[in-house]
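What follows draws every value from the coordinates through simple rules; no lab data is involved. All figures in this text were calculated on a predicted structure; none of them were measured in a lab. Here the Cβ positions follow ideal geometry from the backbone for every residue, glycine too, while neighbour counts run over all protein chains shown.
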Amino acid sequence: MNNLVKRTITGIVFVLLIVGSIIADRHLFSLLFVFITAMGLWEFYTLVEKAGISPNKFAGLMAGIFLFASNAMIALNIAPREIQMGNFVLIFLIFLFELYRKLPNPFTNIAFTLFGILYVAVPFSLLNFFPNPVFLPGVYNHKLLLGFFFLIWINETGAFLVGTAIGRRRLFERVSPKKTWEGFFGGGVLSIITAVILARFYTQIMTVDWVIIAVIVVICSTYGDLFESMFKRSINAKDSGTILPGHGGILDRFDGVIMAAPFVFVYLTLFY
């Protein structure tokens, strides 16, 4: 089975899982993504270890999972906001744990442990609030979250297809030689068209808002891809993992989501 077939099958299964969890039950989405958060953190820490750094995997995983779970429970209205206090405790326990590990470069280890939480767990945690960005009780607009993922996928697919077909001018050759300006604009145009279509069916926000979100997604997800490529190049890794045949790892598949989610969350919170 060649790589394109693997990539296609994996992509279809992946999309069905995410779309199904969003539509079927809001609890299912959180359960799926707490697993994805844990896998993403594990991948990140494993990659960092290849560079000779020793992040505290256990402490980072516990803090990242709790960060996601606490935000999910708040978004689902099954826990008070005071549960967030636990995040401060777990974050600062990482400093204390490092005292007893007796490893070289302790502050580098702490920095990369914390960076994994910031890079992986925080963006995924924010996805819990997309269906209700203004925190109204009893509200769950799954179409906002679904629309966000549609835009991410259309942009990535459009950029890949257009870049493969007619891509000539390199977008950022030092970091990602395969990315082209043609692919970037191809994905952007398809994303904006998709945003206009979404606005006809997903009327929770106006057309102009969907278009702005599409522009945010195109720019930020591209930078997310470039950042992850830069990170992998710095440690001589081809993929972040192998859990997704044809796609690599969790970080490979979600690099665009990771960078775009915080910016879209801020936009929805301010202008919803």
Using θ = phi - 60° and the Karplus form 6.51 cos²θ - 1.76 cosθ + 1.60, what ³J(HN,Hα) does each residue of the range 100-111 get, whole Hz, x for Gly and Pro?
-> 9, 7, 6, 10, x, 6, x, 6, 5, 4, 4, 4
Let a ≥ b ≥ c be the square roots of the eigenvalues of the Cα gyration tensor of the range 150-219; is it rounded (a/c under 1.5), or, if not, prolate (a/b larger than b/c) or oblate?
-> prolate
Histogram of C-alpha separations across the range 97-195, 10 Å bin width, % | 14, 23, 26, 22, 14, 1
Directionally averaged shadow of the range 1-145, computed from the convex hull of its alpha-carbon atoms, nm² | 10.4 nm²
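Write out the GluC sites (Glu not before Pro) in the range 88-187 meeting two conditions: DSSP loop, and at most 13 other Cβ atoms within 10 Å of their Cβ. Mind dumping the intermediate values first?
Details: sites: GLU98, GLU156, GLU173, GLU182; in loops: GLU173.
Answer by residue number: GLU173.
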Here the relative contact order (percent) of the range 177-272, from C-alpha pairs under 8 Å and at least 6 apart, is 25 percent
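Dipole size in debye (nearest 20) for the chain around its Cα centre, Lys and Arg Cβ +1, Asp and Glu Cβ -1? Can you show the working numbers first?
On the way: 20 positive and 14 negative charges, 108 e Å.
That gives the chain a dipole magnitude of about 520 debye.
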If you add up the charges near THR203, with Lys and Arg at +1 and Asp and Glu at -1, over every other residue whose beta carbon is less than 13 angstrom from its beta carbon, what do you get?
-> +1
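Let me check against my output: what whole-number percent is the relative contact order of the chain, with C-alpha pairs under 8 Å and at least 6 apart?
On the way: 365 pairs, mean separation 56.6, N = 272.
The normalised contact order for the chain reaches 21 percent.
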Would you grab the residues whose amide H sits under 5 Å from the one on PHE172? Only those 5+ places off in sequence or on another chain, please, with H modelled 1.01 Å from N.
-> LYS179
Starting from the alpha-carbon convex hull of the range 96-145, give the projected area averaged over all orientations, in nm².
-> 5.0 nm²
In order through the range 179-194: 3J(HN,Hα) via Karplus (6.51 cos²θ - 1.76 cosθ + 1.60), integer Hz, x for Gly, Pro | 7, 10, 5, 4, x, 4, 6, x, x, x, 5, 5, 5, 5, 4, 4
For the range 176-272, state which trypsin sites (Lys or Arg not before Pro) are in a DSSP loop and have at most 10 other beta carbons lying within 10 Å of their beta carbon.
-> LYS238
Name the lysines eligible as straight-distance cross-link partners of LYS178: C-alpha to C-alpha under 23 Å, and not fewer than 8 places from it in the same chain.
-> LYS6, LYS232, LYS238
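Taking only the Cα atoms of the chain, how large is their convex hull per residue, in Å³?
Numbers: hull volume 34.8 nm³, N = 272.
With only Cα atoms used, the chain gives 128 Å³ per residue.
Roughly what % of Cα-Cα distances in the range 119-272 sit above 29 Å, to the whole percent? It would help to have the intermediate numbers written out before the result.
On the way: 2156 of 11781 pairs.
Here the long-distance tail beyond 29 Å is 18 percent of all Cα pairs in the range 119-272.
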Expressed as a whole number of Å, what is the distance separating the alpha-carbon centroids of the range 68-128 and the range 190-229?
-> 29 Å
For the range 124-130, 3J(HN,Hα) per residue [Karplus equation, 6.51 cos²θ - 1.76 cosθ + 1.60, θ = phi - 60°, Hz, x = Gly/Pro] = 5, 4, 5, 4, 4, 9, 4
